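Novice: Quick one: the structure is below, and I'll ask about it shortly.
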There are 6 protein chains.
Amino acid sequence: MRNVRIVVTNCNTTREMTEEIVRGARAAAGPGTAVTGLTPAWGPESAESWLDSYLSATAVMDALRTYDGPPYDAVVMAGFGEHGREGVRELVDVPVVDITEAAAHLACLLGRRYGVVTTLERSCGQIEDSLELAGVGRNCAAVVGTGLGVLDLGDSGRTQAAFLAAAERARQAGAEVLVLGCAGMTGLQRTVEDKLGLPVVDGVGAAVKLAEGLVGLGLTTSRAGSFAKPEPKGRTWRPARTDGPGPSVP
Amino acid sequence: MRNVRIVVTNCNTTREMTEEIVRGARAAAGPGTAVTGLTPAWGPESAESWLDSYLSATAVMDALRTYDGPPYDAVVMAGFGEHGREGVRELVDVPVVDITEAAAHLACLLGRRYGVVTTLERSCGQIEDSLELAGVGRNCAAVVGTGLGVLDLGDSGRTQAAFLAAAERARQAGAEVLVLGCAGMTGLQRTVEDKLGLPVVDGVGAAVKLAEGLVGLGLTTSRAGSFAKPEPKGRTWRPARTDGPGPSVP
Amino acid sequence: MRNVRIVVTNCNTTREMTEEIVRGARAAAGPGTAVTGLTPAWGPESAESWLDSYLSATAVMDALRTYDGPPYDAVVMAGFGEHGREGVRELVDVPVVDITEAAAHLACLLGRRYGVVTTLERSCGQIEDSLELAGVGRNCAAVVGTGLGVLDLGDSGRTQAAFLAAAERARQAGAEVLVLGCAGMTGLQRTVEDKLGLPVVDGVGAAVKLAEGLVGLGLTTSRAGSFAKPEPKGRTWRPARTDGPGPSVP
Amino acid sequence: MRNVRIVVTNCNTTREMTEEIVRGARAAAGPGTAVTGLTPAWGPESAESWLDSYLSATAVMDALRTYDGPPYDAVVMAGFGEHGREGVRELVDVPVVDITEAAAHLACLLGRRYGVVTTLERSCGQIEDSLELAGVGRNCAAVVGTGLGVLDLGDSGRTQAAFLAAAERARQAGAEVLVLGCAGMTGLQRTVEDKLGLPVVDGVGAAVKLAEGLVGLGLTTSRAGSFAKPEPKGRTWRPARTDGPGPSVP
Amino acid sequence: MRNVRIVVTNCNTTREMTEEIVRGARAAAGPGTAVTGLTPAWGPESAESWLDSYLSATAVMDALRTYDGPPYDAVVMAGFGEHGREGVRELVDVPVVDITEAAAHLACLLGRRYGVVTTLERSCGQIEDSLELAGVGRNCAAVVGTGLGVLDLGDSGRTQAAFLAAAERARQAGAEVLVLGCAGMTGLQRTVEDKLGLPVVDGVGAAVKLAEGLVGLGLTTSRAGSFAKPEPKGRTWRPARTDGPGPSVP
Amino acid sequence: MRNVRIVVTNCNTTREMTEEIVRGARAAAGPGTAVTGLTPAWGPESAESWLDSYLSATAVMDALRTYDGPPYDAVVMAGFGEHGREGVRELVDVPVVDITEAAAHLACLLGRRYGVVTTLERSCGQIEDSLELAGVGRNCAAVVGTGLGVLDLGDSGRTQAAFLAAAERARQAGAEVLVLGCAGMTGLQRTVEDKLGLPVVDGVGAAVKLAEGLVGLGLTTSRAGSFAKPEPKGRTWRPARTDGPGPSVP
């Protein structure tokens, strides 16, 4: 069996988060799997709104479109609840696994209903939509926010307490399995698992395993119908205007 | 009653299409309504795939973010089935109406089931998803493609024949009302209506009327929950790389 | 643009309520719109049950069937959650907008989930059914009763407190936008809006705007399928028995 | 076990149809069951549209409200797909079974999916709505029209051919059991059954059996929530205007 | 009308429970109905898990397959939420009614939403699945567990209190009618009914009435599609291994 | 990374089919994975009905309950559309993957809609139910039968033609990815893939990959709620009657 080379795309421009995600991906990967992280050259520093999510989707597509590193066998998209997976499926010729759907697919195998615990409450709707369109929304009992932003997750005590409280709410809503609705939180997974006695699925690990599985089976995205190659046409990926890039509040 | 100023955003970079959309919007607008077209400075020349759609969503958000024209009271997003409406709702302080949902909202008032006829078959799934998330998918009997690309619509005889055939399929699936699933086709509307004897809703006109209605009632997007203002944070809307823009196949 | 003449039908026989509804409709109407109120000659003095609702539906159809005033361009049916809209669509040749569906259509444009606050708890189910069949139930987070009857709404302090409490429950269930599930409450709309910081949609205003929109676009009910003209046949709209009419508890 | 006295309400004013329905009901009834037919004093001569259906619902409620015959233990409402059952549930103190839902309840016990064959195509949507709200829409594979009006059913050869063709379409859509979507067609039931080899459920018979069952178990409609007694209030069941009744095209 | 002979199958091997079920069935049965109880020769002593449920399904099929008593006209399957009804429908030539679906079918006729109160919490999911597949899940407001095992129901005071508490939770979730989600609890039915003022449906009684109804109407399971006779083929219903049978923890 | 030991359970007693399944599983397995086949000691020689399916479920549970071979890390249940997975999840302490759900989970990652092609038409409903309860029914466009029985699959020309025809029907219903709804058909997978140009997912391979993934991530079935260990109690897994086992038509 040949090795599997996975590119994991961060959904934001924060390189530390890419590194954390790559660490998680490597911890999950089988012995023959190589993981490369890809940080978009532009986009939001963290994705926590629909605006961020569409911005991120385009920046990730641009990163893959202009990628010129070594070949790869699969893409893992590591933005929980973020948009873009269908576009990437059109763009590349290898299987694409988004961590949102990946976590849900595995969670469905572990209990009759699963729940998602995520960062800000405002992200819950976006995650629900993502699960629904991925075809795995039916057995989702609840998506619960912790009130913490992605960049607040550094304080591990506070993070842990907030996730435990949210997880408890998901359990009361019927969840028998939990999904961590955020990339880059591998440590948290075991803590929640131990405290609550429920299996906890991390999307990055789940996506790596699904990507390995698809590659191992020789399967890739269908070109019939929805995810055909984009039509050849004029597309401008960046504006002609010359004012410089840079951080901006919209 | 004060005048209503509507910005209509094209989802692609083709200015002729913006002009066509603006003509349709003005034909639908009330006497006190002013319509301004906005063409994104970048993005696809037509949007016909998920890749195009995410690219378009970000380009449209960027166009509105950097817009410095006269003030406006509402935004109409004129990309049928394209992404981005939630992001624009977060971004601006005025009501936002997407032509996909607009057409469906009005169609629901005119018959028990409606159908959508659109351009390429590959767009059908994207439209279905858009209607579903907008909350108006239930009474959609069918979304039917004509096999024509957005930029092929110039040949009016062929376009008309293809739309009539697709409309007939939608009717057989139970549609009592038709939605034209494409911007910039105002002429086609009356033809299909006459030939098939079904009301035909054009999304641009529908959205203009809904925008006028919301402005007239003093209503705008809720900031509670999903569509709160995006968090202030670093966001790069264009890459630091200096290679020039231009048409490119992904 | 020609003027729009809207007939607004009250669902009950209480003329004060018709007047209140007409005031609300006129406040929402555009400058070129004329609003006429129509009070059924028979039916319930307020509609708060399925029995009332079917009685109301027939009385409203009878009122429109025997209407001999000046011509009109659209009908607005001002009974929140009440039956009859499909029958009226069959009966008249102009567009028909029911305030239940109208409020929901606009609410869908203002947030990801909306909630309805209404009078008696017993009406909640009827409203849910009405929204579902109108095709806009998906994004309804909750329909919440206040425990107040239609004719108890005179006491504005108590009404306001009850609606605020119900609105808070709807918000906790996920509503980002509120719909006032009762005609004739225009004043309440701003109060709830101010106290809770959520957009509040009043059905009468929403329906007037949708009716203006449909008329402006030249659209009316499809005659294909469900809402064809009723077959010519014998119909008795009132009994041959000669015992007098009058108030009666069923 | 005491006898069961069932009032069967026709949904229209055609007495011959009431008699036919009563014959069907008696054929289905157990030995201890007495069946009385009730023809509304007003309403449509046949119900084939939403307008007819609401008119029928009110006329049937009026007939039961003013009924002064011997006591009864249950009501069977014999209008397939017609409105009114919730109102009648509020009105009377005995169990109420509508033939639409009754047929579907029994059909669910006889196969994984059932189909309905009815008269005019225009009635299909109304039947679908009725099944959905009754809570038995899930396993309905199709509702198929024959193109025949209620009053055309006299020609038995043509009727039979039309129903067989419609039944075949329902079977191809997955129906394993058929429901006759029209009252007063008992003879047709056996013919379709024999020709197609599928069980055929007649709504009148089904409703009689369900009514007997509910009475036998001492069960009646819940007064908690939706179907509480209507509030005492002024209701006018017939107009004060003195122009005579009579057949009229709306 | 000829007599109806019903075989009621217990889902477990506890004969006392078969007797209790038969008592309930006889109390519900009409004067011309004879009820025979059938206890599987093997299987679980009570069914409270998916493992138990599949074991029970097969043991019940085996009991009916090898049944050599007098002929019967219908089968009532008296395991609330247990599997097997589709298999029994394939196996026998008479109508088959499962108490889970039966209770729900009648409950749908008595209120807009019903709730189920059952024994262990772990059974709730299985019951929800059973109702969903039977086509009657839509109007189920809640399935609530009491925390009591089937074999703990002997303590009537504790049982009653637990069921009342669970019933109250179901009512708060919107239930207007209650279903007792457990066989052999006829006494409890009246107590809950009296205390809560809601109709309470017992599955065994409901199934007996539905079975009587189907037999009375000459209806039985469709052989077209899902429930055709099983193909003739080799099937081993018991293992060749000779180690003795007996109670075992899995 | 330690090796993964998977037990693959055939759903029937035909050892040749177990061998074929094991071959398919080994072809899909990673280098460190060991696959052992388990044939039930009793049950149907092929599973093609609900009766067979429940019989199979119990026989498979019995086989695992009495299994005394070397330890294993996961169970793959190789009966497409067959019952039992929830019972096995309760029974064993390792992750359990059913090939039906497994194929659907992977198919969801490869296209917007998938379709299933299976053997007999009568199995389609059972497969639909299985997908629905597994939480992956939403994106299933169609389940199509070929008319061939499990044991007819030996004739490869006829089998191939029948599967291609069924696959074409699934594609016309919107499937962009195909699932082979039958175990033991690895050869067929590539043929259909080549002829139709759609990815084809084989359930056995998919389940092996998912089982490897779950084991690799240290995840197993939740014991909270539905899939808790079965209560200790008396269970008889085989009848006390002494008449010999053997093939029998039910």
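The values are calculated or read from the model by the stated rules, or taken from the named source; none is laboratory data. Everything numeric here is computed off the predicted structure, so don't read it as measured data. In this analysis, Cβ positions are derived from the backbone assuming ideal geometry, glycine residues included, and neighbour counts consider all displayed protein chains. Areas reflect the complete protein model, heavy atoms only, side chains present, ligands, DNA and RNA absent. Shrake-Rupley method; radii C 1.70, N 1.55, O 1.52, S 1.80 Å.
Novice: I'd like to know if the stretch A:202-217 contains one or more residues that are closer than 22 Å to A:Leu109 by Cβ and more than 20 Å from the chain's Cα centre (by Cα).
Specialist: yes
Novice: Continuing with the same structure: Kindly list the number of the only condition in (1) in contact with a strand residue (DSSP E or B) (Cβ under 9 Å, 6 or more places away or on another chain); (2) modelled with pLDDT under 95; (3) not in a helix (DSSP H, G or I) that fails for D:Val201.
Specialist: Condition (2) is where D:Val201 drops out.
Novice: Moving on. Being over 21 Å from C:Glu82 (Cβ atoms), at pLDDT 90 or above, in contact with a helix residue (DSSP H, G or I) (Cβ under 7 Å, 6 or more places away or on another chain) and within 8 Å of another protein chain (Cβ to nearest Cβ) is the requirement here; does C:Gly213 meet it?
Specialist: Criteria met by C:Gly213.
Novice: Return the pair list, or none, for Cβ contacts closer than 6 Å from residues in the stretch A:30-58 that are closer than 18 Å to B:Phe227 by Cβ to residues that are of a type in the set (D, E, K, R) and assigned to a strand (DSSP E or B), at least 6 apart or on different chains.
Specialist: Between residues of the stretch A:30-58 that are closer than 18 Å to B:Phe227 by Cβ and residues that are of a type in the set (D, E, K, R) and assigned to a strand (DSSP E or B), the close pairs are A:Pro44/B:Arg235.
Novice: Additional query: Quick check: anything in the stretch C:10-23 farther than 26 Å from C:Gly154 by Cβ and either more than 14 Å from the chain's Cα centre (by Cα) or in a strand (DSSP E or B) (or both)?
Specialist: Within the stretch C:10-23, not a single residue is farther than 26 Å from C:Gly154 by Cβ and either more than 14 Å from the chain's Cα centre (by Cα) or in a strand (DSSP E or B) (or both).
Novice: Checking E:Gly157 against (1) in a helix (DSSP H, G or I); (2) small (Gly, Ala, Ser); (3) in contact with a Gly (Cβ under 7 Å, 6 or more places away or on another chain), which single condition isn't satisfied?
Specialist: E:Gly157 satisfies all of (1) in a helix (DSSP H, G or I); (2) small (Gly, Ala, Ser); (3) in contact with a Gly (Cβ under 7 Å, 6 or more places away or on another chain) except (3).
Novice: State whether the residues of the stretch C:62-71 include one that is more than 15 Å from the chain's Cα centre (by Cα) and hydrophobic (A, V, I, L, M, F, W, C).
Specialist: yes
Novice: Let me ask another. Taking the options F:Gly174, F:Gly181, name whichever one is under 22 Å from F:Ser49 (Cα atoms) and touching a residue at least 40 places away in the same chain (Cβ under 8 Å).
Specialist: Result of the check over F:Gly174, F:Gly181: F:Gly181.
Novice: I'd like the residue in the stretch C:59-73 that is touching a residue at least 60 places away in the same chain (Cβ under 8 Å) and of a type in the set (D, E, K, R) and, out of all such residues, is most open to solvent (accessible area, probe 1.4 Å).
Specialist: Per the criteria, the residue is C:Arg65.
Novice: Scan the stretch C:12-29 for residues that are more than 16 Å from C:Val208 (Cα to Cα) and in contact (Cβ under 8 Å) with a residue 24 or more places away in the chain and jot them down.
Specialist: Selection gives C:Asn12, C:Thr13, C:Thr14, C:Arg15, C:Met17.
Novice: Say we look at the stretch D:34-55 and pick out the residues that are open to solvent by 30 Å² or more (accessible area, probe 1.4 Å) and more than 14 Å from chain C (Cβ to nearest Cβ); which of these is nearest to D:Gly213 (Cα to Cα)?
Specialist: Selected residue: D:Ala34.
Novice: Same structure again: Has the stretch C:221-228 got at least one residue that is basic (Lys, Arg), modelled with pLDDT under 90, surrounded by fewer than 18 Cβ atoms within 10 Å (Cβ to Cβ) and not assigned by TED's automatic domain parsing to the domain that holds C:Met17?
Specialist: The answer is no, given that none of the residues of the stretch C:221-228 is basic (Lys, Arg), modelled with pLDDT under 90, surrounded by fewer than 18 Cβ atoms within 10 Å (Cβ to Cβ) and not assigned by TED's automatic domain parsing to the domain that holds C:Met17.
Novice: Now for a separate question. Looking only at the stretch F:134-151, decide whether some residue is among the charged types (D, E, K, R) and closer than 30 Å to B:Cys124 by Cβ.
Specialist: Looking through the stretch F:134-151, at least one residue is among the charged types (D, E, K, R) and closer than 30 Å to B:Cys124 by Cβ.
Novice: Just checking, how many residues over the stretch D:192-209 are touching a Lys or Arg at 6+ places or on another chain (Cβ under 7 Å) and under 19 Å from D:Ala25 (Cα atoms)?
Specialist: 0
Novice: Here is a follow-up. Looking at C:Arg113, C:Arg122, which is the one that is of a type in the set (D, E, K, R) and at pLDDT below 95?
Specialist: C:Arg122
Novice: Quickly run through the stretch B:173-207 and pick out the residues that are β-branched (Val, Ile, Thr) and closer than 20 Å to B:Ile127 by Cβ.
Specialist: B:Val177, B:Val179, B:Thr186, B:Val192, B:Val200, B:Val201, B:Val204
Novice: Here is a follow-up. Scan the stretch A:18-33 residue by residue and report those that are open to solvent by 30 Å² or more (accessible area, probe 1.4 Å) and under 25 Å from B:Arg235 (Cβ atoms).
Specialist: Of everything in the stretch A:18-33, those that are open to solvent by 30 Å² or more (accessible area, probe 1.4 Å) and under 25 Å from B:Arg235 (Cβ atoms) turn out to be A:Glu19, A:Glu20.
Novice: Tell me which of these F:Lys195 doesn't satisfy, since it passes every other one: (1) more than 12 Å from chain A (Cβ to nearest Cβ); (2) closer than 23 Å to F:Asn10 by Cβ; (3) open to solvent by 20 Å² or more (accessible area, probe 1.4 Å).
Specialist: It fails just one condition, (2).
Novice: Something else about it: Of these, D:Ala207, D:Ala224, which one is closer than 26 Å to E:Ala206 by Cβ, small (Gly, Ala, Ser) and without any contact (Cβ under 8 Å) to a residue 40 or more places away in the chain?
Specialist: D:Ala224
Novice: Sort out which residues of the stretch B:153-178 are open to solvent by less than 30 Å² (accessible area, probe 1.4 Å) and acidic (Asp, Glu), and write them in order of number.
Specialist: Scanning the stretch B:153-178 gives a single hit, B:Glu176.
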